[in-house]
1. Taking the simple approach of a point 7 Å from Cα along Cα-to-Cβ for both residue 106 and residue 189, what is their distance in nm?
2. Specify the angular offset, from 0 to 90 degrees and rounded to the nearest 10, of the alpha carbon long axis of helix 91-100 from the longest principal axis of the alpha carbons in the chain.
3. Helix 71-86 versus the longest principal axis of the chain: what angle, 0 to 90°, nearest 10, using Cα atoms?
4. I need 132, 10 ordered by Cβ neighbour count within 10 Å, fewest first.
5. At what distance in angstrom do the alpha carbon centres of region 11-84 and region 87-159 lie from each other?
6. Starting from the Cα of residue 30, step 7 Å toward the Cβ, then list every residue of region 45-75 with an amide N under 15 Å from that point.
7. With a 10 Å Cβ neighbour count serving as the proxy for reagent exposure, in which order, fewest first, do 96, 67, 57, 83 appear?
8. Divide by every residue of the chain the summed helix terms, -39500 (n - 2.57) for each DSSP H run of at least 4, and state the resulting mean residue ellipticity at 222 nm, rounded to the nearest 500 deg cm²/dmol.
């Protein structure tokens, strides 16, 4: 985490017409406009208005990433990914996992890209046949929501607002509950090895 950068950095330095300031029709020259005129709207098209709890505290480009309530959920996502790829005795998924999970403290570029890229088109293709149906879409839905929530929370200055984490925690709870209630593909019978 010491070298981690805010995901918002990937959405900075855009043309003003592609910015959150224009997307939200903020008055030119206002404090909110000035804060959001360089942040691309591409990550949050579902947000139609500036959140009421926008604080204006947007992390600087080089600001250190601090622990927040979403990091625990991301850790669960990585654990599930590890087990459904590396530990199910399926060579294509193990090959995929070799690029993602390496014995180093510095994450590989493949690992970083894994969290940014669509899981269905990357890791989802290599999953064990009985794991594809339930996990390919689940992992992508959770990955995309984690990513969007990280960036939105940074862009709207909500890193220290506990209630800004409620959506992602609720989504995780709902998705995991639904997964556990279904076993159509026999995914629960796939043995975990290691």
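1. The two pseudo-label positions are separated by 4.6 nm.
2. It is inclined by approximately 40 degrees.
3. Result, in degrees: 30.
4. Details: 132 18, 10 14.
Going from sparsest to densest Cβ surroundings: 10, 132.
5. 21 Å
6. 48-56
7. Going from least to most buried by this count: 67, 57, 83, 96.
8. Helix-only estimate at 222 nm: -14000 deg cm²/dmol.
Quick note: the coordinates plus some simple rules give every number you see, no bench work behind them. Note that this is a predicted model, so its numbers are computed, not measured. FYI the Cβ positions are ideal-geometry reconstructions off the backbone, even for glycines, and counts take in every protein chain you see.
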